[in-house]
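Asker: Before we start, here is the structure in question, set down as structure tokens.
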Amino acid sequence: MPELDDPIPLSALQHAVYCMRQAALIHVERLWEENRFTAEGRVLHEIAHEPANRRRRGLRRVMALPLACRRLNLAGVADLVEFRAEADGEIAYPVEYKRGKAKLHRADEVQLCAQALCLEEVTGRPVPEGALFYAETKRRLPVPFDIDLRRLTEETAVEFGALFAAGRTPPAVYRAERCRSCSLLDLCRPKTCAKSALRFRASAIAAVLEDDAAREPP
């Protein structure tokens, strides 16, 4: 795996799609609080990240595989990568383990696609598809790495990479359906911070307008 300077964790892209502020609080400010959802996910990944390399006819399964993508400055560990034998070599098939079930947003898909981009850079071969395994349904959900998902993944990596490099945390935006499930809710305080930011912006604009009015000739 290539050495990178202060790489962006692959998991940060999943956080960034869900909420860019959450991603910055975790990966820039190094803040963390656990709730039931994160605890379940942590236990699942502890099991998945036991290193192992198993073979059967036509298939090699590698668990806890370190990955990196120099082009996007990404690094992390894949839960499972299956290398499937083809006539001209092996094709990588990443599998990411997740708690719960499939989501309406694409955060999990972006994290998986980022693993595919890493594998493509390392192996020099295309990775057309992977899968998300959800603990609640106990089924794999195939994820094709199409143009739209690749674009979203790269755009997310670039956008969060800029925040990561600058050490900047974006302001809070309250989204009830996501904030209520976030373990950082008490640290983030999105309702309070968002209102404070809006009041500050309004007062700043008002102050500028008053100053301009005072300078105008009678």
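Asker: Please find, among R151, R139, the residue that is of a type in the set (D, E, K, R) and modelled with pLDDT of 95 or more.
Answerer: That would be R151, the only listed residue that is of a type in the set (D, E, K, R) and modelled with pLDDT of 95 or more.
Asker: Moving on. Kindly evaluate L119 against the criterion of being modelled with pLDDT of 95 or more, over 16 Å from the mean Cα position of the chain (by Cα), crowded, with 19+ Cβ neighbours inside 10 Å and among the aliphatic types (A, V, I, L, M).
Answerer: yes
Asker: Tally up the residues in segment 60-77 that are closer than 24 Å to F160 by Cα and free of Cβ contacts under 8 Å to residues at least 60 places away in the same chain, please.
Answerer: Applying the first criterion (closer than 24 Å to F160 by Cα) to segment 60-77 yields 65-77.
This time we only want the ones that are free of Cβ contacts under 8 Å to residues at least 60 places away in the same chain, so: 65, 69, 71.
So the count comes out to 3.
Asker: Ok, one more. For segment 104-163, give me each residue that is more than 18 Å from H15 (Cβ to Cβ), part of a loop (DSSP other than H, G, I, E, B) and out of contact with any Asp or Glu (no Cβ under 7 Å at 6 or more places or on another chain).
Answerer: G124, R125, P128, A135, E136, T137, K138, D146, listed by residue number.
Asker: Considering each of V17, V43 in turn, give the residue that is modelled with pLDDT of 80 or more and within 27 Å of R180 (Cα to Cα).
Answerer: Numbers: V43 fails: modelled with pLDDT of 80 or more.
It is V17.
Asker: I'm trying to understand the selection: among the residues of segment 127-154, which are open to solvent by 70 Å² or more (accessible area, probe 1.4 Å) and hydrophobic (A, V, I, L, M, F, W, C)?
Answerer: L141, I147 - these are the residues of segment 127-154 that are open to solvent by 70 Å² or more (accessible area, probe 1.4 Å) and hydrophobic (A, V, I, L, M, F, W, C).
Asker: Out of curiosity, is G124 surrounded by fewer than 17 Cβ atoms within 10 Å (Cβ to Cβ) and not acidic (D, E)? It would help to see each step written out before you state the result.
Answerer: Numbers: surrounded by fewer than 17 Cβ atoms within 10 Å (Cβ to Cβ): yes; not acidic (D, E): yes.
Yes.
Asker: Could we say that R140 is of a type outside the set (G, A, S) and under 30 Å from E82 (Cβ atoms) here?
Answerer: Numbers: of a type outside the set (G, A, S): yes; under 30 Å from E82 (Cβ atoms): yes.
In short, yes.
Asker: Quick one: how many residues across segment 87-108 are over 30 Å from R57 (Cβ atoms) and open to solvent by 30 Å² or more (accessible area, probe 1.4 Å)? Please lay out each step first, then the result.
Answerer: Of the residues in segment 87-108, the ones over 30 Å from R57 (Cβ atoms) are 99-108.
From what's left, open to solvent by 30 Å² or more (accessible area, probe 1.4 Å): 99, 101-106.
So the count comes out to 7.
Asker: Let me ask another. Can you name every residue in segment 155-173 that is open to solvent by less than 60 Å² (accessible area, probe 1.4 Å) and within 14 Å of the chain's Cα centre (by Cα)?
Answerer: Correct list: T156, A157, F160, G161, L163, F164.
Asker: Let me confirm something: among R189, R150, which residue is within 18 Å of the chain's Cα centre (by Cα) and without any contact (Cβ under 8 Å) to a residue 40 or more places away in the chain? Full working, then the answer.
Answerer: Values: R189 fails: within 18 Å of the chain's Cα centre (by Cα).
Going through R189, R150 in turn, just one is within 18 Å of the chain's Cα centre (by Cα) and without any contact (Cβ under 8 Å) to a residue 40 or more places away in the chain: R150.
Asker: To continue, here is another question. Mind checking whether some residue in segment 51-61 is under 28 Å from E159 (Cβ atoms) and either surrounded by 13 or more Cβ atoms within 10 Å (Cβ to Cβ) or modelled with pLDDT of 65 or more (or both)? Lay out the reasoning, then the answer.
Answerer: So the first thing to find is which residues in segment 51-61 are under 28 Å from E159 (Cβ atoms), and the list is none.
No, segment 51-61 contains no residue that is under 28 Å from E159 (Cβ atoms) and either surrounded by 13 or more Cβ atoms within 10 Å (Cβ to Cβ) or modelled with pLDDT of 65 or more (or both).
Asker: Shifting gears a bit: Considering only residues that are hydrophobic (A, V, I, L, M, F, W, C) and either in contact with a Cys (Cβ under 6 Å, 6 or more places away or on another chain) or farther than 19 Å from N73 by Cα (or both), which ones fall in segment 105-126? Show your work before the answer.
Answerer: First, pick out the residues of segment 105-126 that are hydrophobic (A, V, I, L, M, F, W, C): 107, 110, 112-114, 116-119, 122.
Passing the criteria: L117, C118.
The values are calculated or read from the model by the stated rules, or taken from the named source; none is laboratory data. These numbers come from a predicted model, not from an experiment. Here the Cβ is made from the backbone with ideal geometry for all residues, glycine too, and neighbour counts use every protein chain on show. For accessibility, only protein heavy atoms count, side chains too; no ligands or nucleic acids. Shrake-Rupley method; radii C 1.70, N 1.55, O 1.52, S 1.80 Å.
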